[in-house]
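*Asks:* Please find one structure pasted underneath; my questions will follow.
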Amino acid sequence: MTQAFLKCGRFRLPVQQGRRPLVMGILNVTPDSFSDGGRHQSLEMALSHAEQMIADGVDIIDIGGESTRPGIAPLSLEQELERVMPVIYALRDCGKPLSLDTYKPAVMREALLAEVDMINDINGFRAEGAIDAVKDSEAGLCVMHMQGQPQTMQQAPVYADVVAEVAHFLQGQVDLMRAAGIARERICIDPGFGFGKTVEHNLALLKNTRSLIDKIDLPLLAGMSRKSMVGAVVGKPLERRMAGSIGAALAAAQQGAMIIRVHDVAETVDALTMWQAGRPDH
């Protein structure tokens, strides 16, 4: 992967191979997210958590107003805006890039008017009007693969070749975005661990992180923090998956993932910093 930086609104984030990956901290302002639902729902609690992540060394803050855990019902546009916009405005000058986790073009537009730095779309900018909503901005764009919809995606995911199919989808969406005039420097990719995939599918993607990066030649974001794939491998319940999540992050980093999306910022920053210091080529 030859790209030296990712253009994210007001920021240029270093993503050159050989650097320590960037840590994206999760800030869910939801009552029902799978791991931390309800913990940061009020504005005061959300800001306190963001301040702690900044103190812990976070590189990007990813704000989410709608849970996308398997089986969840979709949220209305109005509800999502009510949850995320006050947080975006309150954190706009915090000194860190703000990412918004949304698949709704109308939410993207409102957030971009508020100068959010990145749009992180689990739907890969497939919704009608999504590419139009973001193309004229300066925001970074994360294109994720998801098979199906959150309500049903984990019922029976099937692939002939999960790595090839995910790569084909991501490349196709990147091509559409480039055709719309979006610079490569604004785009990163996410294989979508846990979004319409079995444990075996997720592990195949993790083992082939390097090949996805080589095929598409864009920075890759890996988000496995506390997910069921970690629980399945280490045999631990949700509240005891931190160590397994860090192990997954290191496995992705070893293959060139440049953004790691996590709940446990301080521990992941420390683990990646130590891993980077111990690399033979460092």
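The values are calculated or read from the model by the stated rules, or taken from the named source; none is laboratory data. Keep in mind that what you see is a predicted model, and the values were worked out from it rather than measured. In this analysis, Cβ positions are derived from the backbone assuming ideal geometry, glycine residues included, and neighbour counts consider all displayed protein chains. Areas reflect the complete protein model, heavy atoms only, side chains present, ligands, DNA and RNA absent. Shrake-Rupley method; radii C 1.70, N 1.55, O 1.52, S 1.80 Å.
*Asks:* Please give the calculated 222 nm ellipticity per residue for the chain, where each DSSP H segment of at least 4 residues contributes -39500 (n - 2.57) and the sum is spread over every residue; nearest 500 deg cm²/dmol?
*Replies:* So the helix-based figure for the chain works out to -12000 deg cm²/dmol.
*Asks:* OK, next. Most fluctuating residue of Gly231, Gly181, Gly244 in a GNM of the chain with Cα springs under 10 Å: which is it?
*Replies:* Highest fluctuation among the options: Gly181.
*Asks:* Cα convex hull of the stretch 113-156: mean projected area in nm², to one decimal?
*Replies:* Seen from a random direction, the Cα hull of the stretch 113-156 projects 3.6 nm² on average.
*Asks:* Continuing with this model, one more query. Would you kindly compute the Cα radius of gyration of the stretch 122-200 and its largest Cα-Cα separation (Dmax), both in Å?
*Replies:* 13.2, 39
*Asks:* Sorting Arg69, Arg109 by accessible area (1.4 Å probe), largest first, what list results?
*Replies:* Highest to lowest solvent-accessible surface, that is Arg109, Arg69.
*Asks:* Provide the per-residue ³J(HN,Hα) series for the stretch 266-276, in order, calculated from phi with Karplus coefficients 6.51, -1.76, 1.60 and θ = phi - 60°, each as a whole number of Hz, with x at glycine and proline positions.
*Replies:* 4, 5, 5, 4, 4, 4, 5, 5, 5, 4, 5
*Asks:* Rounded to the nearest 5, what is the percent of antiparallel bridges among the DSSP beta bridges in the chain?
*Replies:* 15
*Asks:* If you roll a 1.4 Å probe over the chain with all protein chains in place, what percent of the accessible area is carbon or sulfur?
*Replies:* 51
*Asks:* Using θ = phi - 60° and the Karplus relation 6.51 cos²θ - 1.76 cosθ + 1.60, list the HN-Hα couplings for the stretch 209-224 in order, rounded to whole Hz, with x at every Gly or Pro.
*Replies:* After applying 6.51 cos²θ - 1.76 cosθ + 1.60, I find 3, 4, 5, 5, 5, 5, 5, 9, 6, 9, x, 10, 9, 10, x, 10 Hz.
*Asks:* Determine the per residue accessible area of the chain with all protein chains present and a 1.4 angstrom probe, expressed in square angstrom.
*Replies:* 41
*Asks:* Under 8 Å for C-alpha pairs, at least 6 residues apart: give me the relative contact order for the chain, rounded to a whole percent.
*Replies:* 21
*Asks:* For the stretch 21-147, what is the Kirkwood hydrodynamic radius in Å, using each pair of distinct C-alpha atoms?
*Replies:* When all Cα pairs of the stretch 21-147 are included, the Kirkwood radius is 14.5 Å.
*Asks:* Moving to a separate point now. Find the Rg to Rh ratio for the stretch 160-282, where Rh is the Kirkwood radius over alpha-carbon pairs and Rg uses the same atoms.
*Replies:* Value, to two decimals: 0.99.
*Asks:* Separate question: Kindly write out, for the stretch 97-107 in residue order, the coupling ³J(HN,Hα) from the Karplus curve 6.51 cos²θ - 1.76 cosθ + 1.60 (θ = phi - 60°), rounded to whole Hz, with x marking Gly and Pro.
*Replies:* Here the 3J(HN,Hα) series is x, 9, 10, 10, 8, 8, 10, 9, x, 5, 5 Hz.
*Asks:* Assign unit charges at the C-beta atoms only (+1 for Lys and Arg, -1 for Asp and Glu), then state the dipole size of the chain relative to its Cα centre in Debye, rounded to the nearest 20.
*Replies:* 680
*Asks:* May I pose another question? When a/c reaches 1.5 or more, the comparison of a/b and b/c decides; with that in mind, is the chain rounded, prolate or oblate per its Cα gyration tensor?
*Replies:* It is rounded, given that a/c, with a ≥ b ≥ c, falls under 1.5.
*Asks:* If every alpha-carbon in the stretch 59-130 counts as one equal scatterer, what log10 I(q)/I(0) does Debye give at q = 0.26, 0.27 1/Å?
*Replies:* For the stretch 59-130, the Cα-only Debye profile gives -1.29, -1.37.
*Asks:* Roughly speaking, what is the centre-to-centre gap between the stretch 250-277 and the stretch 118-174 when only Cα atoms are used, to the nearest Å?
*Replies:* 23
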